Protein chains: 4
Amino acid sequence: MTIHIGICGVTGYTGFELVRLLASHPTAEIVFATSQTFAGQTLDAVYPQAPAIPLIAEGDAPYETADVVFLCLPHAASAATAVRALQAGCKVIDLSADFRLKDVATYEAWYKVSHPAPHLLETAVYGLTEWAREEIKTADLVACPGCYPTSILLPLKPLLSAGAVAGTVIADSKSGVSGAGRTPKQASHFVEVSDNLSPYSIGQSHRHWPEISQAMGWWAQPAPSLIFSPHLIPIPRGMLSTIYMPLAQGWDEAQVREALHEAYSAEPFIKLLPAGQHATVAHAIRTNRCAIGVQMGDPHTLILTSAIDNLTKGASGQAVQNMNVMFGVREDCGLGNADCGMNADRLPS
Amino acid sequence: MTIHIGICGVTGYTGFELVRLLASHPTAEIVFATSQTFAGQTLDAVYPQAPAIPLIAEGDAPYETADVVFLCLPHAASAATAVRALQAGCKVIDLSADFRLKDVATYEAWYKVSHPAPHLLETAVYGLTEWAREEIKTADLVACPGCYPTSILLPLKPLLSAGAVAGTVIADSKSGVSGAGRTPKQASHFVEVSDNLSPYSIGQSHRHWPEISQAMGWWAQPAPSLIFSPHLIPIPRGMLSTIYMPLAQGWDEAQVREALHEAYSAEPFIKLLPAGQHATVAHAIRTNRCAIGVQMGDPHTLILTSAIDNLTKGASGQAVQNMNVMFGVREDCGLGNADCGMNADRLPS
Amino acid sequence: MTIHIGICGVTGYTGFELVRLLASHPTAEIVFATSQTFAGQTLDAVYPQAPAIPLIAEGDAPYETADVVFLCLPHAASAATAVRALQAGCKVIDLSADFRLKDVATYEAWYKVSHPAPHLLETAVYGLTEWAREEIKTADLVACPGCYPTSILLPLKPLLSAGAVAGTVIADSKSGVSGAGRTPKQASHFVEVSDNLSPYSIGQSHRHWPEISQAMGWWAQPAPSLIFSPHLIPIPRGMLSTIYMPLAQGWDEAQVREALHEAYSAEPFIKLLPAGQHATVAHAIRTNRCAIGVQMGDPHTLILTSAIDNLTKGASGQAVQNMNVMFGVREDCGLGNADCGMNADRLPS
Amino acid sequence: MTIHIGICGVTGYTGFELVRLLASHPTAEIVFATSQTFAGQTLDAVYPQAPAIPLIAEGDAPYETADVVFLCLPHAASAATAVRALQAGCKVIDLSADFRLKDVATYEAWYKVSHPAPHLLETAVYGLTEWAREEIKTADLVACPGCYPTSILLPLKPLLSAGAVAGTVIADSKSGVSGAGRTPKQASHFVEVSDNLSPYSIGQSHRHWPEISQAMGWWAQPAPSLIFSPHLIPIPRGMLSTIYMPLAQGWDEAQVREALHEAYSAEPFIKLLPAGQHATVAHAIRTNRCAIGVQMGDPHTLILTSAIDNLTKGASGQAVQNMNVMFGVREDCGLGNADCGMNADRLPS
C-alpha cells in the first residue's frame, strides 16, 4: 500500500525535514508540495542538498490525489488550508499551532487572530503520539504538538498521571535556532546568534506555555503551575529541557524511574537513561528520539533532563510517526530505520 | 606608581586573559610569567595573537621583583605556590579554588586532596569585589570566586541579605567551553561540543555548589537550599545563569528591583536591565560586566537572569578589579576603559 | 543475501559513520565491531545516539563469521590487521592510508614507518569508486581514497584524461574538524577551533599530496604539478576544494562541462551544478554526494568547486559504495536511499 | 588636543566597531552618531554591550561640531553624505566603496548607480595606511580600502613593486559573516551559515576585484591578472587570504622574505611570521594586525597567507589608524594599546 502525501509549505525547515524523512519511508509517495514563495521552482533551489521536487502554488494543489496532507504553514493560514484539504477527503496532519489549544478564546488571546476553523477544534487530536495512539488511528485531523511541549510533556506525563508532582514545575528549555523558522530576522542572524545565548519569553509569556499547561491539566487535577523559560542557543537544531519539580510525599528517584519505565520501556522512540546520565542534544539530534535523564536535585526536588531534535520528534518526525499510526504501518517507518526495524535486529546486541 | 606583576600559569585561558587585560592597564607591568609546559618559549607560541612574553619555570620566578602575583594554577598547586609568593612579600590573587572554602574538611571532601596551606584559609578574603572591598584593600591573599558563583551570587546577595528569598534557589547555568580549561579532553573536542548541549554535575554535585552555598550562608540564616545545574554550551566564552526562587511574603518585582538598584546603581560593572529585558551573553562578553535581568515567573516565583564572561568577571577581570582595589587605583583600570573612565565621559550621553 | 560485516576500530568518526550508514542498508548485518580503548563496553557509551553494539578487542574478532571487514584504524595498524582478515577469507575495505600508495618507498617516506604488508600493494585496488568499478568487483582488498583526494580527484579525472589541464593545479581545500580524528588534541579543542580558520601543511607537505599526485600521474602524462593547501574550518564535518588550473589550448568552459557531463551524468553520487552555481558544503553534508561547480576564473584559468562530506563520500560512504560494488548489490544501498532508490522514484520530478 | 568625531551609520557592524575602538582612544570624543533606523534610541538598544550613545537622524547631524566624520553607510548614500560633511569643514573618512575606484565608469559599472560626487574622486586618498601616509596626512577625504583588498594588497604590494610577480595572482579568500553586514538575509541566517562553507562571486565577479586590480596596476606595469575567490565561513569575524603567484626569474623564498621584511619590519600592525608558520584568523582577530605567512608552493610558485580582522584592519581599525595619521597622533592610539604603546613596552620581552 502506498501512502500518497501532499506537503503544504515544504520550503520551511519542517517541510524540508519531512522530505528528508519520507525519502526513506518504504510506503510513502509525495504527490505534491506547495510553496508560496518558490512556486514554479524546485526544492533544490531552496536547499542545495534536496531532491528536485517541483513546487506549486497552494491554489494548484491536487488534494484529491493525496491520502494525507502535512501542513507546514504559519498559524491561521494552516487552519484555512486544513479546511480545504479535509473537504477534499484528505487526512490532515497540522504542524502549526492552530489545532493544539482546545479553547478558541485562549487561542485567539495568544495568537492574536480569529481562529479560521473553530468547529474543527473539538475533533482534532493532540498528537503526542505515545499518549494518543487510539485517537490518532481514526482521526481525520491531528495537531502535532509544539517542540517545547513535546520535550516537556513526554517526561512529565507519567509523573503527573501518577500524582508525583507536588508543586510548581519549572522548565528551563534550550533550543537550536531552526525553531525560530527560516525567515531571516535580526535574532537569527549568524553574527548575533553565534557566541551568544539568550533567554526569551520566559515565565508565562511564550505561546507554548498555554499549550503545555492545557495538557498538564488533562493529566493532573489540579494541574501544577508551570514556569517555562526558553533560551536560544547557537546550534542549528536540537533542544534540551531541564525540568525541576517538587515530588509528592512518598516519592523518590526509584519510584520516578519505575513510573517512567512502566510508561516507556516498550516505546521505540523514548530512551530512558540510566542513573548518572543526563540527556544531551547528542542523544537525540537527527533522530525521532526523546532521551530522558532522571536525578534528584535535592531530597525533595526532582530534575528531569529531556532532549529531542526540535525538527524531528519536535515537529516533522512526530508528524510522520502520527501518519504511520493513522495508516497502520510500523510506527518507525521513515524514522531512522528505513526498513522498519529489520536492520536494527541485525546489529549485534 | 607602577604595579609590578607576576603571573603563574600564564598559558591557560585565565592567564592569557590577564595578559590581554593588563596590556591596557595604565600602571601595570608584568615582570614575570611562568608556565610549566612552555618554559623557555614565549607566549605567542601558545596564542598566536599574544605578545612575545618570555615564559619561565615556576622555580625560576623572581618573586622579589613583584608587588603582586596572580595564580592561574590547578588547585593544590596553587596553594603551594601562594605560600612561596607570600613569603617573598608579594600580595597574592589566587584564581584557583584553594582559598575559597573556609572549611578545610569541606575543601578536602570536594577536591579530594589535602589542603597544602590550611593556615591561610582564615585570613584569605573571598574576592567577590562588590561585597568585599574593605577586606580586599588590606588583604595579602585574595581568593577570586569561581565563575558560576560570581554569576549566581551577584544577583542573589542583595536579596538574601534583605530576606527576600523564601525557599530553595534553583540556578540553571549555561557556560562556554573555556570554563573547562585549555587541556584537550574528549568533552572539549570541537566535534563533540559543536551542535551539542549538555548538562553535567547537576543538582548538588558540582564543586561550585559548596562555594555558592557557603556564601549564601553568610548572607541569610538559615540559608536557603541550592540546586545548581551547569550546562555546557557551544560557545568559547560567556556564561548565563537563570535563577528561580520563591519570594518571601510581601515581596514583589518592584521591591526586588529596588533592592538591586540600591545595591548596584553605583557599581560600574553591574548592569541592571530594565523591565522586559533579560541578560544575554552578548551583554557581558569580553567585558568585566555582570548584567542582571529581573522578572516574575509566576506570582510567587522570581526569575533572575545573570550574564558574565566566565574569563573576565568570572575570573581574570575580577582578579584585576581586586588588584586595583588592593593597590588603590581606579577600579576600572584595565577593564575596558584603559584610561580609567575618561573616554566614557567623552561619549555623548 | 545478507552481507556479514566486521568493523575494526568502530569508535572513531569513520567507524561510527559506517554504523550510521549500515543501519539503513537492506542486506547488511554487522557481526562484530572492535575497539582497542572501549572493548567490553557498547557503542552508545562512546556516542550517545548510537545503538548498543558490543565492542570487542581486535584479538577476539571472529573474522571467520564476516564476509567483509572494514578497517577504521591508524596507518600501519591497519595493514597488519588486513593481513589477518584476508587470511581468514574476508574481503577487506581499508579506510587508512596503508594501501593507497603503490610505491613502498613513497609510503615509508611520508608515513615514517615500515610498511607491514608491502606484498599486498600491487593487488590492492584504489577505490575511487566511479573510476575503479571493474577492479573493485573482483578485489579482495580495496584502499579507500583519502577525503581530500576524493574531493580533488573526482572533478579532475575527466579533465586530466582528456588532456585539458595545461599546467600546475592548485587545490585550496577546506575541511571540517572531524577529518582530524576523535583523539583530543590542542588543535581540535573547541575554544581553539571556534572562531578561527587555519591553513596547515600547505604546498607539497600534506600526506595526501603524494596520493593525489600518484593518481594524477595515472591519468595524464606528464602529470601536472600539484599545489595543495588544506585549511581547518570550524565545522564538524564537510569539505570544499576550490581548484584552479590553466586550460589547454582550445578548451573552454563549455568543453569542460561537456567532459564532466559525459563522465558523470549517469553517476548517482556526482552532482554537476549548472552554470553560475558553486559547490557548497550544504550540497554534500551527510550524503555520499560529490557536488561539482565549474567556472572560468579568467579566460585561461578554470575554477572547479568540489564539495563532499569528509566522513561519507570522503570515507565511510565511499567504503559502503565499494562494498556494494564488491557484493553486487545496488550501489546506493545504505547511502541515503535505504530501499535502494525506490523512494527517490516516488518523489514527484 | 581632542579630536571631535561624528559617525554616520553607527548601528552597522563597522559603526559599532568604531565605537568599541574609540572608547579606548585617549584623545577621541564622539560628538554625534547617526542611524537611519534607530534615530531617537540609544546604541545599547541595538548592541546590548554598547554604551548608551544617543542616535540621531543624519539630517540632524551637527557637522560643525566635528573635526572628522566617519561614514559607515551604504555606497552612494555615503558619497552624498561626504559632500555635506566636507562642506561643513569636516575631514571625512569613508568606509564605503564610493571613493575607492578612481574611474567613474568602473564604479558605475560595478555598483550600478550614478556616482553622487565624481568631482571628489581625484583628491580622495586610497587609505591603505602603510602605503599612503604622506597623502593621508593632508587629505580631506580618505577612502578606506575594502576588507578583502586590505588582506590581499598588504602582502602583495612589496612584491609587485619589486617586480617579483611573474603571472596571474590567485587569491583564495575566506571571510567571516560580519562582512556581509547586519541586515538579515537568507545567506546570513544562522541555520544556513552554520556547518556550511560557500564560495561566492568567484573569479572576476566580486566588487572588490576591480579595487584590487586597480591598486595592482599602480604598483606593477603591466599589472598581473587577478583571480579572486571569496568564501563565506561560519565565523562572526576574521578573514584569511591564501594567495598563489608565480615568482619572477631569480626570486626565491628568501628574497620574498627580505622584501617583506624591508617593507614591514618597522610597521606596528604588520606581523611577518617566521618560516613554517602560516597566518590564521587567531593571529588577527580583534586586533588591527595583518599577519603574513610566506612559503613556496612548488619551486616556482609562492604562497602567501594573510589574516586580518575584517572589521578592524579591514574596516574600522584601519579607519582609526588613518584618523590618527590625519591628526598627527600616534598611529596605534585606540588600536589595542590604549595608552599608545606605553604598556607594550612594559611587557617583559
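Values for this structure:
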item	result
Residue in the stretch A:239-250 that is of a type in the set (Val, Ile, Thr), open to solvent by 10 Å² or more (accessible area, probe 1.4 Å), touching a helix residue (DSSP H, G or I) at 6+ places or on another chain (Cβ under 8 Å) and touching a residue at least 60 places away in the same chain (Cβ under 8 Å) present	no
Residues that are small (Gly, Ala, Ser), touching a residue at least 40 places away in the same chain (Cβ under 8 Å) and either within 16 Å of D:Gly203 (Cα to Cα) or surrounded by fewer than 24 Cβ atoms within 10 Å (Cβ to Cβ) (or both), drawn from the stretch C:284-309	C:Gly297, C:Ser306
Criterion (at pLDDT 95 or above and within 14 Å of chain C (Cβ to nearest Cβ)) met by exactly one of B:Ser114, B:Ser178	B:Ser178
Only one of D:Ala187, D:Ala166 that is among the aliphatic types (A, V, I, L, M) and under 20 Å from A:Val191 (Cβ atoms)	D:Ala187
Per-region count, the stretch C:273-292, residues touching a Pro at 6+ places or on another chain (Cβ under 7 Å) and not polar (S, T, N, Q)	4
Unique residue being under 21 Å from D:Val281 (Cβ atoms) and modelled with pLDDT of 95 or more when the list is C:Ile270, C:Ile235	C:Ile235
Within the stretch D:122-138, tally of residues that are out of contact with any strand residue (DSSP E or B) (no Cβ under 6 Å at 6 or more places or on another chain) and either in contact (Cβ under 8 Å) with a residue 60 or more places away in the chain or of a type in the set (S, T, N, Q) (or both)	7
A:Asp103 at pLDDT 95 or above, among the acidic types (Asp, Glu) and closer than 28 Å to A:His206 by Cβ	yes
Residue ID - farthest from C:Ala57 (Cα to Cα), chosen from residues in the stretch C:4-22 that are within 13 Å of chain A (Cβ to nearest Cβ) and open to solvent by 20 Å² or more (accessible area, probe 1.4 Å)	C:Arg20
Of all residues in the stretch B:23-35 being outside any strand (DSSP E or B) and surrounded by 24 or more Cβ atoms within 10 Å (Cβ to Cβ), the one that is farthest from the other protein chains (Cβ to nearest Cβ)	B:Ser35
Any hit, the stretch C:44-53, residues being in contact (Cβ under 8 Å) with a residue 40 or more places away in the chain, within 11 Å of another protein chain (Cβ to nearest Cβ) and open to solvent by less than 10 Å² (accessible area, probe 1.4 Å)	yes
Residues satisfying the stated conditions in the stretch D:37-65, i.e. closer than 19 Å to D:Glu17 by Cα and either in contact with a Phe, Trp or Tyr (Cβ under 8 Å, 6 or more places away or on another chain) or part of a strand (DSSP E or B) (or both)	D:Thr42, D:Leu43, D:Ala45, D:Val46, D:Tyr47, D:Ala50, D:Pro54, D:Leu55, D:Ile56
Matching option when the condition is open to solvent by less than 10 Å² (accessible area, probe 1.4 Å) and within 14 Å of chain A (Cβ to nearest Cβ), among D:Ser188, D:Ser194	D:Ser188
Any hit, the stretch C:212-232, residues being open to solvent by less than 30 Å² (accessible area, probe 1.4 Å), among the aliphatic types (A, V, I, L, M) and free of Cβ contacts under 8 Å to residues at least 40 places away in the same chain	no
Candidate set: the stretch D:248-283, residues that are hydroxyl-bearing (Ser, Thr, Tyr) and touching a strand residue (DSSP E or B) at 6+ places or on another chain (Cβ under 6 Å); chosen: the one farthest from C:Ser205 (Cα to Cα)	D:Tyr264
Checklist (1) more than 22 Å from the chain's Cα centre (by Cα); (2) among the polar types (S, T, N, Q); (3) more than 9 Å from chain D (Cβ to nearest Cβ) applied to C:Thr312, failing item	(1)
Residue within the stretch C:205-215 that is basic (Lys, Arg) and either in contact with a Leu (Cβ under 9 Å, 6 or more places away or on another chain) or not in a loop (DSSP other than H, G, I, E, B) (or both) present	no
Complete set of residues in the stretch D:260-283 that are over 17 Å from D:Gly314 (Cα atoms) and open to solvent by 20 Å² or more (accessible area, probe 1.4 Å)	D:His261, D:Glu262, D:Ala263, D:Ser265, D:Ala266, D:Leu272, D:Pro274, D:Ala275, D:Gly276, D:Gln277, D:His278
Selection within the stretch C:216-253 - under 20 Å from C:Ile303 (Cβ atoms), part of a loop (DSSP other than H, G, I, E, B) and facing chain D (nearest Cβ under 7 Å)	C:Ser225, C:Ile233, C:Gly238
Test result for A:Ala132, within 14 Å of chain D (Cβ to nearest Cβ) and either over 27 Å from B:Asp195 (Cα atoms) or modelled with pLDDT under 95 (or both)	no
All positions within the stretch D:165-185 that are touching a helix residue (DSSP H, G or I) at 6+ places or on another chain (Cβ under 6 Å) and open to solvent by less than 20 Å² (accessible area, probe 1.4 Å)	D:Ala171, D:Ser173, D:Val177, D:Ser178
Selected residue (criterion: farthest from the chain's Cα centre (by Cα)) from residues of the stretch D:73-89 that are polar (S, T, N, Q) and open to solvent by less than 50 Å² (accessible area, probe 1.4 Å)	D:Thr81
Leading residue by the ranking (farthest from A:Trp218 (Cα to Cα)) among those in the stretch A:130-164 that are among the polar types (S, T, N, Q) and either touching a Leu at 6+ places or on another chain (Cβ under 6 Å) or open to solvent by less than 10 Å² (accessible area, probe 1.4 Å) (or both)	A:Ser151
The stretch B:90-105, residues that are among the charged types (D, E, K, R) and open to solvent by 10 Å² or more (accessible area, probe 1.4 Å)	B:Lys91, B:Arg100, B:Lys102, B:Asp103
Hits in the stretch C:138-188 (condition: part of a helix (DSSP H, G or I) and closer than 18 Å to D:Asp172 by Cβ)	C:Tyr148, C:Ser151, C:Ile152, C:Pro155, C:Leu156
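Residues checked against (1) at pLDDT below 95; (2) in the same structural domain as A:Tyr13 (by TED's automatic domain parsing); (3) over 28 Å from A:Gly217 (Cβ atoms):
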{"position": "A:Gly40", "(1), (2), (3)": "no, yes, yes"}
{"position": "A:Tyr47", "(1), (2), (3)": "yes, yes, yes"}
{"position": "A:Glu64", "(1), (2), (3)": "no, yes, yes"}
{"position": "A:Asp67", "(1), (2), (3)": "no, yes, yes"}
{"position": "A:Thr81", "(1), (2), (3)": "no, yes, yes"}
{"position": "A:Arg84", "(1), (2), (3)": "no, yes, yes"}
{"position": "A:Ile93", "(1), (2), (3)": "no, yes, no"}
{"position": "A:Ala97", "(1), (2), (3)": "no, yes, no"}
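The values are calculated or read from the model by the stated rules, or taken from the named source; none is laboratory data. Just so we're clear, the structure is a prediction, and the values are computed from it rather than from any experiment. Backbone-built Cβ (ideal geometry, glycine too); neighbour counts: all protein chains shown. Accessible surface is based on the protein model in full, side chains and every heavy atom, while ligands, DNA and RNA are left aside. Shrake-Rupley method; radii C 1.70, N 1.55, O 1.52, S 1.80 Å.
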